[in-house]
Amino acid sequence: MSKLTILLYPDPRLHTVAQPVTEVNDEIRQLIKDMGETMYAAPGVGLAATQVDVHQRIIVIDTSPARDSLRAYINPEILEATGIADCDEGCLSVPGIYEKTQRAQHVRVRALGADGEPFEHEAEGLEAVCIQHEMDHLDGKVFVERLSRLKQQRILAKIKKRQREAA
Ligand code: NI
């Protein structure tokens, strides 16, 4: 296994729309393992392939307190989204930035697992928010783009200032 490099906002590669996975093979399974390792090391609760510059429709999520329930979703689709969750959203590609957003409280998702078999999963709260957030990445969207233009400008200014300080 190996840790992958996470792209940082506003890297334009984060705006790439990912392609569906056509075959769940050993290469995809290895990618899923590496994405899991990268996510746990960050540490984070979810990661999309887009964030590691692989533009295929794969996300991994683990919102369990014990951090021992990695779930991979290949070619995920939301079948049902209900309710409203107010959340404090963050992203491994936008480190240190947390902003209030609204997402569906409950989702029902269909995807392929790492074994290539289709499954359906129902999620609530943090897990549901996380699924929606990671699926946005596959469509080339970063959560800050859901915020007002003013907030986006403030976040970009903060990131640029931090980059200057680090240089
Ligand atoms: Ni993210």
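Considering A104, A85, A157, which residue is among the small types (G, A, S), touching a Lys or Arg at 6+ places or on another chain (Cβ under 8 Å) and farther than 21 Å from T38 by Cβ?
A85
Every residue, every condition in (1) surrounded by fewer than 16 Cβ atoms within 10 Å (Cβ to Cβ); (2) away from the ligand (no atom under 16 Å from the Cβ); (3) not hydroxyl-bearing (S, T, Y), yes or no:
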| residue | (1), (2), (3) |
| --- | --- |
| Q105 | no, yes, yes |
| L112 | no, yes, yes |
| G125 | yes, yes, yes |
| V129 | no, no, yes |
| M135 | no, no, yes |
| D139 | yes, no, yes |
| S148 | yes, yes, no |
* Kindly check whether there is at least one residue in region 65-76 that is within 16 Å of the ligand (Cβ to nearest atom), touching a Ser or Thr at 6+ places or on another chain (Cβ under 8 Å) and under 24 Å from Q19 (Cα atoms). => no
* Cβ pairs under 8 Å, 6+ apart, first in region 137-157 and farther than 15 Å from G96 by Cα, second surrounded by fewer than 16 Cβ atoms within 10 Å (Cβ to Cβ) -> L138/V17; D139/V17; G140/H15; G140/V17; K141/H15
* Give V94, V54 a once-over and let me know the one that is within 12 Å of the ligand (Cβ to nearest atom) and not polar (S, T, N, Q). => V94
* Asked: If we scan region 101-111, do we find a residue that is in contact with a His (Cβ under 6 Å, 6 or more places away or on another chain), within 25 Å of L4 (Cβ to Cβ) and modelled with pLDDT of 95 or more?
  -> yes
* To do: Take D62 and decide whether it is on the phi > 0 side of the Ramachandran plot, within 16 Å of the ligand (Cβ to nearest atom) and within 15 Å of the chain's Cα centre (by Cα).
  => no
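The values are calculated or read from the model by the stated rules, or taken from the named source; none is laboratory data. This is a predicted model, so every value here is computed, not measured. Please note: Cβ atoms are built from the backbone with ideal geometry, for glycine as well, and neighbour counts cover all protein chains shown.
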